[in-house]
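See structure below.
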Amino acid sequence: MNTSLSVDVPDALIASYGKPGNATGRAWLAGLPGLVADFLDGWELRLDGPVGHGMASLVLPVICPDGTPAVLKLQPPSEENAGVATGLRAWNGKGVVRLLDYDPDSSTQLLERLDATRPLSSVADDTTALQILAELLARLVAMPAPEGLRHLADIAAAMLDQVPRAVPTLRDPAEQRLVRTCASAVAELMGEPGDRLLHWDLHYDNILAGQREPWLAIDPEPLAGDPGFDLLPALDNRWDEVVATGDVPRAVLRRFDLLTEVLGLDRQRAASWTLGRVLQNALWDIEDGKSALEPAQIAIATALLSRQAFPSP
């Protein structure tokens, strides 16, 4: 083991995993320096720059034994990242970062290195950035989902089970009605959950500049389901710019129309599954102890509902 290696665990990871009640997360943080050293030695990798991180992972630029630049990504095994290797292998680098190696026991990934200094959010014009995202997403969801991934049908059923208990915790009766309307839209589609390979979190900061392709997606949470369930991260992306237009519903629908046109989606169906994502976010917020919905989520749902005919809760 490379015992001389020193890894300072970033504050963001400590905040994510270091809470007193999270014994598993705290254990992972404590073992992280040793885990890094083990993979550097075991995969014969050489550090090649400063350590980076997100809210959920540690990322180290490395050089492979054959001289290939790559990144080593470490994060605790979880339900969310259990299908990452399966999804990345199915895409095989088409529109997405390429997986070079993977350790299933620790969920550690060795990935193609992209330009982390050039996310799609660095493209100033929103229409240009959204077009790039939409074209990438269209390529990703064109892939049938491989076996072994979580399925939208199961996630949707679990959400609908939670609604009766969760909704009364919201303070505003209008927000309660909105969540029930979202649930009704999902219930109408339960028999048609889709079978495409979804990214589940494609926004501007999860697309980086590459060399073999101009832009490539990163950080998927692969899911089998309907492409309409993949639109919301692009709708509430750079939300301050949506607000700055002075006409939030119009800006939301402009984004929604561009996405559905490029992906070739039925807009009623895509709107219903987007309401499903609003429902999912609402349930997550309620689970975290919140008693009000996020304004962006309310605005997106309201904009979609203003155009479409949805069943009443």
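Every read-out reported here was derived from the displayed coordinates using simple, explicitly stated rules and does not represent laboratory data. Values in this document were obtained by computation on a predicted structure and should not be read as measured data. FYI the Cβ positions are ideal-geometry reconstructions off the backbone, even for glycines, and counts take in every protein chain you see.
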_Modelled FRET efficiency - R0 45 Å, N92 with D11, Cβ distances, 0.05 increments_ = 0.80
*With the contact rule set at Cα under 8 Å and sequence spacing of 6 or more, what percent relative contact order holds for the chain?*
16
_Counting C-alpha atoms alone, how compact is segment 48-93: give Rg to one decimal and Dmax as a whole number, in angstrom._
12.4, 33
*Least to most buried among K94, K19 (fewest other Cβ within 10 Å first)*: K19, K94
_Directionally averaged projected area (convex hull, Cα atoms, segment 118-307), nm²_ = 10.8
_Using the basic label-point model (7 angstrom from Cα toward the beta carbon), what is the E213 to V243 distance in nanometres?_
3.3
*Counting each DSSP H run of 4 or more residues in the chain as -39500 (n - 2.57), what helix-only mean residue ellipticity at 222 nm follows after dividing by all residues, to the nearest 500 deg cm²/dmol?*
-14500 deg cm²/dmol
*Neighbouring Cβ atoms within 10 Å as the yardstick, rank S121, S306, S272, S57 fewest first.*
S306, S121, S57, S272
*List the equivalent ellipsoid semi-axes of segment 231-272 in whole Å, largest first, each obtained as the square root of 5λ for an eigenvalue λ of the Cα gyration tensor.*
20, 10, 8
*Straight-line reach from K73: which lysines have Cα under 24 Å away, leaving out those fewer than 8 places along the same chain?*
K19, K94
*Using label points projected 7 Å from each Cα along Cα→Cβ, tell me how many nm separate A56 and S306, to one decimal.*
3.2
*For segment 149-214, what does the equivalent ellipsoid look like in terms of its semi-axes, each the square root of 5 times an eigenvalue of the Cα gyration tensor, given largest first in whole Å?*
32, 18, 10
*May I ask you to list the residues of segment 9-50 whose amide nitrogen lies under 16 Å from a point 7 Å from Cα along the Cα→beta-carbon direction of D101?*
35-48
*Simple spin-label estimate for D48 and D125 in nanometres, 7 Å along Cα-Cβ*: 3.3
*R118: net charge of surrounding residues, Cβ under 14 Å, Lys/Arg +1, Asp/Glu -1, itself excluded?*
-2
*Under the classification rounded if a/c is under 1.5, otherwise prolate if a/b is larger than b/c and oblate if not, where does segment 11-113 fall, given a ≥ b ≥ c as square roots of the Cα gyration tensor eigenvalues?*
oblate
_Protection proxy ranking, peptides 39-45, 294-300, average beta carbon neighbours within 10 Å, highest first_ = 294-300, 39-45
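What FRET efficiency comes out for the pair T169/D38, r = Cβ-Cβ distance, R0 = 45 Å, nearest 0.05?
Plugging the Cβ-Cβ distance into 1/(1 + (r/R0)^6) gives 0.55.
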